[in-house]
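Colleague: Below is a structure I'd like to ask you about.
The values are calculated or read from the model by the stated rules, or taken from the named source; none is laboratory data. All values reported here derive from a predicted model rather than from experimental measurement. Here the Cβ is made from the backbone with ideal geometry for all residues, glycine too, and neighbour counts use every protein chain on show. These accessible areas exclude ligands, DNA and RNA; they are computed on the full protein's heavy atoms, side chains included. Shrake-Rupley method; radii C 1.70, N 1.55, O 1.52, S 1.80 Å.
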Amino acid sequence: MIELDGAEGGGQIVRSALSLSALAGEPFRIENVRGARDDPGLKHQHHAAVELVAEVCDADVEGAELDAETLTFDPGQPSGGQYEVDVGTAGSVTLVFDAVLPLAVTIDEPLAVTISGGTDVEWSPPIDYYRRVKLPVLRRHGVDAAVDVERRGFYPAGGGVATLTVDPSDPAPIDLTDRGERHGVRLYSVASEELTDADVAERQARGAAAALPDDVDVIERTAAYAETDSIGTALTLRAEYENTLAGANALGERGKPAEEVGEDVAREFVEFDEGDAAVDRYLADQLLVWLALAGGEVTIPQITNHVESSVELLGEFGVDVEIERGGEDEAARVSVSETLDR
Ligand SMILES: Nc1ncnc2c1ncn2[C@@H]1O[C@H](COP(=O)(O)OP(=O)(O)OP(=O)(O)O)[C@@H](O)[C@H]1O
């Protein structure tokens with residue numbers, strides 16, 4: 001039984017522990033779940049992830065209740081099939097996807113997971129980032145997964161629906177150290193249909209395009225409107241380089257001009273582009289579990305708290321991640337040579 005202490009981290013520790021435990025066939029017990037947060041314990045999104053991974057790998061679970069701060073998880077054999085989960089609020093759909101996605105390397109049959117909740121909510125990958133940046137990067141390394149968005153869900157009502165389909169996959173070592181030449185960027189803007197007359201989706205995309213440096217080529221710009229339960233907006237930028245993809249994104253806020261949402265996204269991209277890392281700061285922590293499974297090396301803009309807590313967690317599962325911190329203008333480097341024993 002692996003004993004974990006969640007006191008220093010957030011929900012990501014729970015999600016990654018679920019995936020690693022299911023893959024290694026090793027039970028774990030975690031105390032102080034999300035201990036670093038003001039509202040510790042399992043919230044809807046984390047609870048949904050526990051229930052889902054438990055179902056997919058037929059686990060014995062103790063303590064999987066809302067607000068629980070201690071959880072024990074003893075996995076069986078993961079299997080494909082069709083699963084459905086309702087997060088119940090605007091809890092993040094993409095973060096629940098993240099808990100099952102790594103099972104791609106162990107399933108024998110395809111897996112399809114339909115989740116209802118928030119598709120574009122704070123502190124999590126917006127669904128366009130997930131399907132246009134994260135999954136394409138993983139697909140290039142042999143992870144056969146895709147997302148279909150049936151309905152958008154914004155805070156607070158949620159009500160979004162998306163399906164992740166995953167085929168059995170055998171990923172190649174992750175090699176993302178040199179991003180190569182920039183080809184250009186694509187902008188994906190979306191807003192609730194109530195904002196159509198105010199042109200909000202177009203204005204977000206235009207705001208971003210106008211704020212980009214002259215030498216950045218905008219390859220594509222889309223603006224769409226969707227029927228949603230709560231009114232909201234989202235903008236994702238996908239930057240394409242010779243060897244990699246990176247993202248920048250923002251959500252709209254009541255009272256904030258749409259153009260400013262675009263400018264925020266452009267600024268985030270420019271900051272990334274001025275550095276020399278191959279992946280953005282979000283993918284930096286999300287790829288660690290893949291490094292543990294497939295090995296390889298990635299350059300990242302900075303060692304965030306999320307990276308640190310994930311590295312520590314991987315250590316608990318017997319995977320040593322090497323970190324080179326980099327300098328002021330130099331990307332940090334993370335690598336794994338001995339992958340997870342499974
Ligand atoms: N704007 C964003 N774009 C892409 N990814 C994001 C974005 N914001 C957050 N993420 C990713 O979402 C994950 C959030 O993990 P974290 O543990 O903080 O969240 P959580 O499960 O909601 O738990 P908690 O409430 O404890 O913070 C990280 O992998 C992070 O990289």
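Colleague: Those residues that are of a type outside the set (Ser, Thr, Tyr), part of a strand (DSSP E or B) and within 16 Å of the ligand (Cβ to nearest atom), I need them from segment 215-256; list them, please. Even if it seems obvious, please write down each step before you answer.
Modeller: Keep residues of segment 215-256 that are of a type outside the set (Ser, Thr, Tyr), which gives 215-221, 223-224, 226-227, 229, 231-232, 234-235, 237-240, 242-243, 245-256.
Pick out the ones that are also part of a strand (DSSP E or B) and you get 218-221, 223-224, 226, 234-235, 237-240, 245-251.
Result: Ala234, Leu235, Leu237, Arg238, Ala239, Leu245, Ala246, Gly247, Ala248, Asn249, Ala250, Leu251.
Colleague: Open to solvent by less than 70 Å² (accessible area, probe 1.4 Å), modelled with pLDDT of 95 or more and near the ligand (Cβ under 10 Å from one of its atoms): which single residue out of Ser21, Ser16 fits that description? Working first, answer last.
Modeller: On the way: Ser21 fails: near the ligand (Cβ under 10 Å from one of its atoms).
Selected residue: Ser16, the only one of Ser21, Ser16 that is open to solvent by less than 70 Å² (accessible area, probe 1.4 Å), modelled with pLDDT of 95 or more and near the ligand (Cβ under 10 Å from one of its atoms).
Colleague: Next question. Looking at the structure I just gave you, is Pro126 surrounded by 24 or more Cβ atoms within 10 Å (Cβ to Cβ) and closer than 20 Å to Leu237 by Cβ?
Modeller: It is true that Pro126 is surrounded by 24 or more Cβ atoms within 10 Å (Cβ to Cβ) and closer than 20 Å to Leu237 by Cβ.
Colleague: From the list Val149, Val166, which residue is open to solvent by less than 20 Å² (accessible area, probe 1.4 Å) and either of a type in the set (Lys, Arg) or in the same structural domain as Gly80 (by TED's automatic domain parsing) (or both)? Steps first, answer last, please.
Modeller: Numbers: Val149 fails: open to solvent by less than 20 Å² (accessible area, probe 1.4 Å).
Among Val149, Val166, only Val166 is open to solvent by less than 20 Å² (accessible area, probe 1.4 Å) and either of a type in the set (Lys, Arg) or in the same structural domain as Gly80 (by TED's automatic domain parsing) (or both).
Colleague: Would you please list the contacts, defined by Cβ atoms under 6 Å and residues six or more apart or on different chains, that run from a residue in segment 66-87 that is more than 19 Å from Glu109 (Cβ to Cβ) to a residue that is loosely packed, with under 13 Cβ neighbours inside 10 Å and of a type outside the set (A, V, I, L, M, F, W, C)?
Modeller: Thr72/Glu62; Asp74/Asp60
Colleague: Residues that are in the same structural domain as Gly80 (by TED's automatic domain parsing), under 25 Å from Gly153 (Cα atoms) and either open to solvent by 60 Å² or more (accessible area, probe 1.4 Å) or touching a Pro at 6+ places or on another chain (Cβ under 8 Å) (or both): does segment 192-205 have at least one? Step through it out loud before you land on a result.
Modeller: Keep residues of segment 192-205 that are in the same structural domain as Gly80 (by TED's automatic domain parsing), which gives none.
No - not one qualifying residue is present in segment 192-205.
Colleague: Quick one: is Val85 within 20 Å of the chain's Cα centre (by Cα), within 16 Å of the ligand (Cβ to nearest atom) and not in a strand (DSSP E or B)? Outline the logic, then answer.
Modeller: Details: within 20 Å of the chain's Cα centre (by Cα): yes; within 16 Å of the ligand (Cβ to nearest atom): yes; not in a strand (DSSP E or B): no.
It is false that Val85 is within 20 Å of the chain's Cα centre (by Cα), within 16 Å of the ligand (Cβ to nearest atom) and not in a strand (DSSP E or B).
Colleague: In segment 257-279, what residues are part of a helix (DSSP H, G or I) and not charged (D, E, K, R)? Don't jump to the end; show me each part of the working.
Modeller: Kept after step one, since they are part of a helix (DSSP H, G or I), are these residues of segment 257-279: 258-274.
Ala258, Val261, Gly262, Val265, Ala266, Phe269, Val270, Phe272, listed by residue number.
Colleague: Being surrounded by fewer than 18 Cβ atoms within 10 Å (Cβ to Cβ) and either at pLDDT below 95 or part of a strand (DSSP E or B) (or both) is the filter here; which residues of segment 169-185 pass it?
Modeller: Of everything in segment 169-185, those that are surrounded by fewer than 18 Cβ atoms within 10 Å (Cβ to Cβ) and either at pLDDT below 95 or part of a strand (DSSP E or B) (or both) turn out to be Asp175, Arg182, His183, Gly184.
Colleague: Just to be sure I understand the filter: pairs with C-beta atoms under 7 Å, separated by 6 or more residues or on different chains, first member in segment 1-12 and among the β-branched types (Val, Ile, Thr), second member buried (at least 19 other Cβ atoms within 10 Å of the Cβ) and in a strand (DSSP E or B). Which pairs pass?
Modeller: From segment 1-12, the pairs are Ile2/Phe28.
Colleague: Hey, among the residues in segment 280-324 that are polar (S, T, N, Q) and either assigned to a helix (DSSP H, G or I) or open to solvent by 10 Å² or more (accessible area, probe 1.4 Å) (or both), which one's farthest from the ligand (Cβ to nearest atom)? Quick ask: steps written out before the conclusion?
Modeller: Taking segment 280-324 first, the residues polar (S, T, N, Q) are 286, 299, 302, 304-305, 309-310.
Those left that are additionally either assigned to a helix (DSSP H, G or I) or open to solvent by 10 Å² or more (accessible area, probe 1.4 Å) (or both): 286, 302, 304-305, 309-310.
Details: Gln286: 5, Gln302: 12, Thr304: 8, Asn305: 9, Ser309: 8, Ser310: 8 Å.
Among residues in segment 280-324 that are polar (S, T, N, Q) and either assigned to a helix (DSSP H, G or I) or open to solvent by 10 Å² or more (accessible area, probe 1.4 Å) (or both), the one farthest from the ligand (Cβ to nearest atom) is Gln302.
Colleague: Another question, if that's okay. From Thr163, Thr177, grab the single residue that is polar (S, T, N, Q) and under 19 Å from the mean Cα position of the chain (by Cα). Break it down stepwise before answering.
Modeller: On the way: Thr177 fails: under 19 Å from the mean Cα position of the chain (by Cα).
The match here is Thr163.
Colleague: To continue, here is another question. With respect to Val33, is the statement that it is over 19 Å from the mean Cα position of the chain (by Cα), more than 16 Å from the ligand (Cβ to nearest atom), open to solvent by less than 10 Å² (accessible area, probe 1.4 Å) and modelled with pLDDT of 95 or more true? Before you say what the answer is, go through the steps one by one.
Modeller: Working: over 19 Å from the mean Cα position of the chain (by Cα): yes; more than 16 Å from the ligand (Cβ to nearest atom): no; open to solvent by less than 10 Å² (accessible area, probe 1.4 Å): yes; modelled with pLDDT of 95 or more: yes.
No: the conditions fail for Val33.
Colleague: Sticking with this structure for a sec: Do you know which residues across segment 209-249 are buried (at least 23 other Cβ atoms within 10 Å of the Cβ) and free of Cβ contacts under 8 Å to residues at least 40 places away in the same chain?
Modeller: The one that is buried (at least 23 other Cβ atoms within 10 Å of the Cβ) and free of Cβ contacts under 8 Å to residues at least 40 places away in the same chain: Ala248.
Colleague: Among the numbered criteria (1) free of Cβ contacts under 8 Å to residues at least 60 places away in the same chain; (2) acidic (Asp, Glu); (3) near the ligand (Cβ under 10 Å from one of its atoms); (4) part of a helix (DSSP H, G or I), which single criterion is violated by Asp98?
Modeller: All conditions are met except number (1).
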